[in-house]
Amino acid sequence: MEEFNILALLTILAGAWLGGTAAKRLGYPPILGELVIGIILGPAVLGLLETSEMIAVLAEVGIILLMVYIGIEINFRDLGKASWPGLLAAIGGFVVPFGLGYYTILLFDGTHLAALFVAIAVGVTSLATKSRILVDLKLLNTRIAYVLMAGALISDTLALIIFAGMLSFVDAGSIDTLGLIFVAGKAILFFALTALAGYFLLPLLGRFLSDQKIKNRTFHFTLILLIVFGFCELAEMADLHSILGAFMAGLFIRDGVFNRQISKEINDIFHDISIGFLAPIFFVSAGFHVTLEVFQSDLLLLISVTLVAVIGKIVGTALFYLPSGYGWREGITVGTGMNGRGAVEIIIAGIGLEMGIISAEIFSILVFMAIFTTLSVPLFLTWTTDWLRRRGELVHQESRKGTLILGANPLGLYLARHLNQEGDVTIIDTNRELIEEAKKQGFKSILGNALKEETLDEANAVEKNTFIALTGNNEINLLAAQTVHNYFYIPKNIVLVAPKEGGAGMELLDRIGASSMFANKTNLAPWIYKLKSGNIQEKTETIETKISTRNWVKQNRSRQDDILPLFIINLEGNLRPFHFHDEIDAGEKVLYLH
């Protein structure tokens, strides 16, 4: 038996961390850094490491757990919300590069099976790549982001289904009608059994554990691992790859099956174990199989596959997007965003290499294609979104709607009256008198503790787009923001921070992705008094040049006690809360109290 090589494992993990960190600092997904480190440490460059039985086993477990996590991240409700434009983008962005990739390999005298593997690899897109880039470019609240995320989910799911069918074909060995029907039947039976288990058995199990009040995290994690590897074994029995079983298990281990808090903790564990430990072993070791000789022997094929991947993705998305009615320019923008590749493409290519269906040269080409296309996404997406913005065609759209306000004090009600024009507003407070006043003013108001899940469930927090914590208690504000972030995933999390709050509170804001209301530490009491007394005016200021909210506050520091910025009014007349992590574009207005 092969000796367990601790030094090799240490080197791989250290290299993965360095490469991943460097990639993140440059605005790219860690996967790219891990692949590059693998190429450098592996036989292609330094020759310090090579694959082994130990590494192969850990890498296999790593991709299984990674596929579970990818499955968990795919929300069926989001797929449903994708509707027409998201579906068109997914199909066009997959089918066109798939076809071009397939015929490109055949043109270079490749086999049909190798061509299919390459076709799938150029057809997929990377959800992780876009998630980070959309945040960096401040596009998360646009229709572009909405379509991109849905398109990535659909195209990756479609790729895995085609991959399953292809494995069935490989297993059949020949084009025998009865044999293919038998193999296809096993694949269909696998999807049917896993779907039945996911829709009916797992929710029953979740309710049973809830009724028995079993909330032990270790027990749940072990149970979920048993489910995952059970699904993997079903996939193997159907002559499919185990990653299909892991992916299906992840799809059904979703919110609502198990206790929400347990689900969140288990999801975090899968994230940390897969992305933080085992999956990097797979991606670094994938770099060991890469050969730089392709730049000499197969340079034309590398260029052809990369061009096919880029042009096919952008043009295919734009063409299929036309029936959406949103225009070819938005279609091109969506296509540039979907151009990056990542985890699923490398996993599928790695399996093809392992099965001997593609050569090391083709695998190397797919790795470099993934790197080149992903590097292009921030550049192309910045150009195209700026193009839409200049033409006034960058449409803002939220998949969630409405605001949840903690604090029924006069300032909270004042904000609610304005925000009610933008969508449903719900107010939470523990003070019965304040809640009664909020109800008199026509707001949906809930008497309860915002730190309790049942109160937030009653407030329908899972559907809200924005949470504003506006009580005079810093600790309550921060804990409530952490609760809605951890268990209800509200995208915009804004917290009032009083002047007495130290650095620890601000650090917590960063950890939960929250921002400070009014872009400054603010004492609530004086503004409540001014509102009650009526000694206050509402004013607006038009911004001439782009400026951050923080710098706007600094420019007005001399009259800090006399003004309170509440909202930014965009060019379409829509309001958004004034908070620390935002920028005000030229032509937008600041609405403030004076």
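The values are calculated or read from the model by the stated rules, or taken from the named source; none is laboratory data. Just so you know, these numbers come straight off a predicted model, no measurement behind them. A quick note on method: Cβ atoms are made from the backbone with ideal geometry, for glycine too, and the neighbour counts reach across all protein chains shown.
Residue-by-condition table, conditions (1) crowded, with 17+ Cβ neighbours inside 10 Å; (2) over 19 Å from the mean Cα position of the chain (by Cα):
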| position | (1), (2) |
| --- | --- |
| 15 | yes, yes |
| 31 | yes, no |
| 36 | yes, yes |
| 47 | no, yes |
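Can you pull out every residue in the stretch 52-75 that is over 30 Å from the mean Cα position of the chain (by Cα) and surrounded by 16 or more Cβ atoms within 10 Å (Cβ to Cβ)?
Within the stretch 52-75, 52, 54 qualify.
What number of residues within the stretch 394-429 satisfy the criterion of being in contact with a helix residue (DSSP H, G or I) (Cβ under 9 Å, 6 or more places away or on another chain), at pLDDT 85 or above and in a loop (DSSP other than H, G, I, E, B)? Give the steps one after another, and end with the answer.
Taking the stretch 394-429 and keeping what is in contact with a helix residue (DSSP H, G or I) (Cβ under 9 Å, 6 or more places away or on another chain), we get 394-414, 416, 424-429.
Going one step further and asking which of them are at pLDDT 85 or above, we end up with 402-414, 416, 424-429.
Next cut, in a loop (DSSP other than H, G, I, E, B) only: 402, 407-409, 424.
Selection size over the stretch 394-429: 5.
Report the residue count in the stretch 569-581 for those that are farther than 13 Å from residue 415 by Cβ and part of a strand (DSSP E or B).
1
Just to be sure I understand the filter: pairs with C-beta atoms under 8 Å, separated by 6 or more residues or on different chains, first member in the stretch 141-159 and in the same structural domain as residue 94 (by TED's automatic domain parsing) and part of a helix (DSSP H, G or I), second member hydroxyl-bearing (Ser, Thr, Tyr) and at pLDDT 75 or above. Which pairs pass?
Filtered contacts from the stretch 141-159: 143/326; 144/333; 144/385; 151/125; 151/317; 152/125; 155/125; 156/125.
Take the stretch 200-250 and flag every residue that is charged (D, E, K, R) and touching a residue at least 24 places away in the same chain (Cβ under 8 Å).
Taking the stretch 200-250 as the starting set, the residues that turn out to be charged (D, E, K, R) are 207, 211, 213, 215, 217, 233, 236, 239.
Of everything in the stretch 200-250, those that are charged (D, E, K, R) and touching a residue at least 24 places away in the same chain (Cβ under 8 Å) turn out to be 215, 217, 239.
For residue 468, only one of the following conditions fails: (1) modelled with pLDDT of 85 or more; (2) of a type outside the set (Ser, Thr, Tyr); (3) assigned to a helix (DSSP H, G or I). What is its number?
Just one mismatch for residue 468, condition (3).
Conditions tested, residue by residue: (1) modelled with pLDDT of 85 or more; (2) surrounded by fewer than 16 Cβ atoms within 10 Å (Cβ to Cβ).
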residue: 501; (1), (2): no, no
residue: 513; (1), (2): no, yes
residue: 517; (1), (2): yes, no
residue: 528; (1), (2): yes, no
residue: 535; (1), (2): no, yes
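Let's see how each residue does on (1) within 25 Å of the chain's Cα centre (by Cα); (2) crowded, with 22+ Cβ neighbours inside 10 Å; (3) farther than 18 Å from residue 516 by Cα:
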position	(1), (2), (3)
405	no, yes, no
417	no, no, yes
423	yes, no, yes
445	no, yes, yes
474	no, no, no
480	yes, yes, no
490	yes, yes, no
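Looking at this structure, is residue 374 at pLDDT below 85, in a helix (DSSP H, G or I) and in contact with a Ser or Thr (Cβ under 9 Å, 6 or more places away or on another chain)?
Taking the combined requirement at face value, the residue satisfies it.
Here is a yes/no grid of residues against (1) in a loop (DSSP other than H, G, I, E, B); (2) assigned by TED's automatic domain parsing to the domain that holds residue 159; (3) in contact with a helix residue (DSSP H, G or I) (Cβ under 9 Å, 6 or more places away or on another chain):
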site: 192; (1), (2), (3): no, yes, no
site: 195; (1), (2), (3): no, yes, yes
site: 215; (1), (2), (3): yes, yes, yes
site: 232; (1), (2), (3): no, yes, yes
site: 239; (1), (2), (3): yes, yes, yes
site: 249; (1), (2), (3): no, yes, yes
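I need every pair where a residue in the stretch 550-565 that is closer than 16 Å to residue 536 by Cβ has its Cβ under 6 Å from the Cβ of a residue that is in a helix (DSSP H, G or I), sequence separation at least 6 or different chains.
564/527
Can you find a residue in the stretch 343-363 that is at pLDDT 90 or above, among the polar types (S, T, N, Q) and either surrounded by fewer than 24 Cβ atoms within 10 Å (Cβ to Cβ) or over 30 Å from residue 143 (Cβ atoms) (or both)?
no
Could you check residue 450 against (1) at pLDDT 80 or above; (2) surrounded by fewer than 15 Cβ atoms within 10 Å (Cβ to Cβ); (3) part of a loop (DSSP other than H, G, I, E, B) and say which number it fails?
Only one criterion in (1) at pLDDT 80 or above; (2) surrounded by fewer than 15 Cβ atoms within 10 Å (Cβ to Cβ); (3) part of a loop (DSSP other than H, G, I, E, B) is unmet by residue 450, namely (2).
Check every one of the helices (runs of 4 or more DSSP H) wholly within the stretch 36-138 and list those with 1 or more residues that are at pLDDT 85 or above, within 16 Å of residue 160 (Cα to Cα) and not acidic (Asp, Glu).
Passing ranges, in order: 53-73, 76-107, 112-123.
Does residue 366 count as hydrophobic (A, V, I, L, M, F, W, C), touching a residue at least 24 places away in the same chain (Cβ under 8 Å) and surrounded by fewer than 24 Cβ atoms within 10 Å (Cβ to Cβ)?
No: the conditions fail for residue 366.
Can you tell me which of 300, 292 is out of contact with any Leu (no Cβ under 9 Å at 6 or more places or on another chain) and either outside the structural domain of residue 38 (by TED's automatic domain parsing) or closer than 25 Å to residue 30 by Cα (or both)?
On inspection, the qualifying residue turns out to be 292.
Looking at (1) crowded, with 20+ Cβ neighbours inside 10 Å; (2) part of a helix (DSSP H, G or I); (3) touching a residue at least 40 places away in the same chain (Cβ under 8 Å), can you tell me which one residue 273 breaks?
The failed condition is (1).
Among the residues of the stretch 317-336, is any closer than 18 Å to residue 99 by Cα, in a helix (DSSP H, G or I) and either of a type in the set (Ser, Thr, Tyr) or outside the structural domain of residue 111 (by TED's automatic domain parsing) (or both)?
yes
Name the single residue, out of those in the stretch 379-397 being out of contact with any Lys or Arg (no Cβ under 9 Å at 6 or more places or on another chain) and touching a residue at least 24 places away in the same chain (Cβ under 8 Å), that is surrounded by the most Cβ atoms within 10 Å (Cβ to Cβ).
385
I'm told residue 314 meets every condition in (1) within 29 Å of residue 8 (Cα to Cα); (2) crowded, with 24+ Cβ neighbours inside 10 Å except one. Can you identify the failing condition by its number?
(1)
Can you tell me which of 588, 541 is without any contact (Cβ under 8 Å) to a residue 60 or more places away in the chain and either more than 35 Å from the chain's Cα centre (by Cα) or under 15 Å from residue 414 (Cβ atoms) (or both)?
That would be 541, the only listed residue that is without any contact (Cβ under 8 Å) to a residue 60 or more places away in the chain and either more than 35 Å from the chain's Cα centre (by Cα) or under 15 Å from residue 414 (Cβ atoms) (or both).
Suppose the filter is surrounded by 14 or more Cβ atoms within 10 Å (Cβ to Cβ), touching a helix residue (DSSP H, G or I) at 6+ places or on another chain (Cβ under 7 Å) and over 30 Å from residue 483 (Cβ atoms); does residue 547 pass it?
no
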